1. Please report the antiparallel percentage of DSSP beta bridges with both residues in chain B, rounded to the nearest 5.
2. Could you work out the helix-only [θ] at 222 nm for the protein assembly as shown, with each DSSP H run of four or more residues adding -39,500 (n - 2.57) and the total divided by the number of residues, to the nearest 500 deg cm²/dmol?
3. Please work out the Cα center distance from the range A:27-75 to the range A:1-20, rounded to the nearest Å.
4. With just the Cα atoms defining each centre, how far is the range B:90-136 from the range B:225-263? Give it in Å.
5. Taking the C-alpha atoms of chain B, how large are the radius of gyration and the largest Cα-Cα span, Dmax, in Å?
6. Over all directions, how big on average is the projection of the convex hull of the alpha-carbon atoms in the range B:252-328, in square nanometres?
7. Only bridges with both residues in the protein assembly as shown count here: give the DSSP antiparallel percent, nearest 5.
8. If each Cα of the protein assembly as shown is one equal point scatterer, what is log10 of I(q)/I(0) from the Debye formula at q = 0.06, 0.07, 0.09, 0.12 Å⁻¹?
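Rule-based calculations on the coordinates, nothing more; no lab input. Small disclaimer: the values here were computed from a predicted structure and weren't measured. Quick reminder, even Gly has a Cβ in these numbers, built from the backbone with ideal geometry, and neighbours come from all protein chains shown.
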């Protein structure tokens with residue numbers, strides 16, 4: 001879905017999201033956080049890529065060209081491209097590839113080499129391969145059922161890339177088990193990176209504390225009543241993009 | 001959304017005649033001045049609309065969407081003596097016309113609130129209601145003392161009704177004697193207006209309201225969320241990280257309106273009504289049921305400017321219906 005919203009687009013950065021009202025009625029009540037899949041600064045449009053999973057996304061899919069939509073944003077802290085990186089590894093799992101596209105464009109713009117790894121259940125769920133190849137980006141694919149590319153997890157492809165020794169930074173978005181695997185893998189190789197997280201969200205502005213993730217608490221400021229060595233950070237305003245070394249993902 | 005100053009310009013100047021008498025005759029009929037100000041147990045509010053605790057953070061989160069100066073009051077996130085980490089995720093689940101939450105009173109603690117969050121709120125000409133919770137009577141007493149000594153706190157809302165923590169919440173609020181005891185302890189430690197926030201998860205809300213009134217509350221806030229639950233049929237497990245959660249949103253509004261009606265008729269304390277208020281019509285319904293003021297909660301998540309729209313809508317309703325003082329609407333449905 002492409003949305004013409006020039007004021008919002010002007011401020012948008014890769015990795016940020018918008019909070020979308022899917023219905024003008026009371027069911028579904030809450031907005032849906034959807035990451036920016038495309039940002040066209042020239043045209044003043046953003047594009048949103050979503051998978052139809054429930055009532056909200058079904059209503060979005062039923063919208064017709066020209067319809068008006070209520071979007072709030074841009075929200076959240078997006079990706080930052082650290083100075084000095086030369087070759088990035090970009091890993092997307094399933095619909096998690098959506099927010100990586102604006103980042104991939106930016107990396108290209110900065111002249112940073114990149115390899116993009118896409119993982120999904122099967123070939124049908126691999127998103128954006130053609131666009132990436134048109135962009136001249138090196139793409140490798142893994143599918144659970146082997147219907148396209150390597151048969152197995154995308155983390156295995158990541159391991160091959162990293163042990164090949166080429167990337168000096170990574171960016172990832174996808175399901176938690178994938179991110180968890182990737183965080184542990186990259187830690188082993190001493191490779192830093194950023195991950196974009198997803199969580200059930202309420203307000204989208206940091207007020208309701210619904211969408212939290214565990215973060216390794218900074219020393220000396222543990223706001224803790226149980227000394228478990230983590231604090232909850234807000235995915236909507238402290239993220240959705242976090243330093244990979246900071247987050248603790250549950251199983 | 002018109003400010004009083006703008007009203008003067010709404011009427012085109014060429015409608016005026018040279019005869020002063022004609023002009024006088026016209027003016028009141030076009031825009032009667034309305035009084036939106038209310039007094040909630042000693043807390044003077046410029047209009048009857050505040051935010052529901054826990055849905056509005058500490059204020060700055062919504063500053064891009066809401067003119068905080070225009071709110072009748074800002075009610076901030078529940079605050080405890082020590083920092084609280086809160087419950088595991090998922091902390092929120094959607095239900096028909098409602099949401100279940102189990103945040104678990106995550107907050108940075110009262111000292112952090114006073115040092116880091118309160119100074120920001122002092123920039124605004126809007127009273128601050130601080131929601132407080134505790135594990136024990138001593139906790140409530142100490143939080144009350146610390147907040148009462150802090151500049152910029154206008155009132156305390158005593159949370160004896162959170163369904164999402166083991167202690168310090170609903171345990172107090174569903175037991176008449178305990179509820180009264182908490183209010184008594186808070187009362188002993190503050191001169192600030194004291195609002196007791198009641199749980200709807202009781203057999204008789206009127207009885208508990210009467211007890212906390214006797215114990216020294218200046219006003220009552222109702223209702224907190226209704227205890228609810230959702231089960232994921234795919235995993236066959238409770239959906240929420242804390243198993244149960246509090247239901248809010250339009251789904252609970254009729255229950256809240258009923259409880260405000262019952263309580264307002266039985267207890268002589270002003271009521272801060274809340275529970276699924278999405279727009280001005282909903283807010284007016286609570287006022288007619290007997291609420292002196294209303295709090296906007298879940299609606300903030302759907303429409304971040306909801307409180308502004310509701311204030312403007314109440315004013316419009318009054319103008320459309322020839323009501324000059326919002327206090328005349330309080331409990332008007334009883335007549």
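1. In chain B, approximately 45 percent of DSSP beta bridges are antiparallel ones.
2. On the way: 17 runs with 157 residues, N = 586.
The per-residue figure over the protein assembly as shown is -7500 deg cm²/dmol.
3. 9 Å
4. Here the two parts' Cα centres lie 19 Å apart.
5. Computed over the Cα atoms of chain B, radius of gyration and Dmax are 20.6, 78 Å.
6. Approximately 4.8 nm², given one-decimal rounding.
7. 45 percent
8. Per q value, in the given order, log10 I(q)/I(0) is -0.36, -0.48, -0.75, -1.16.
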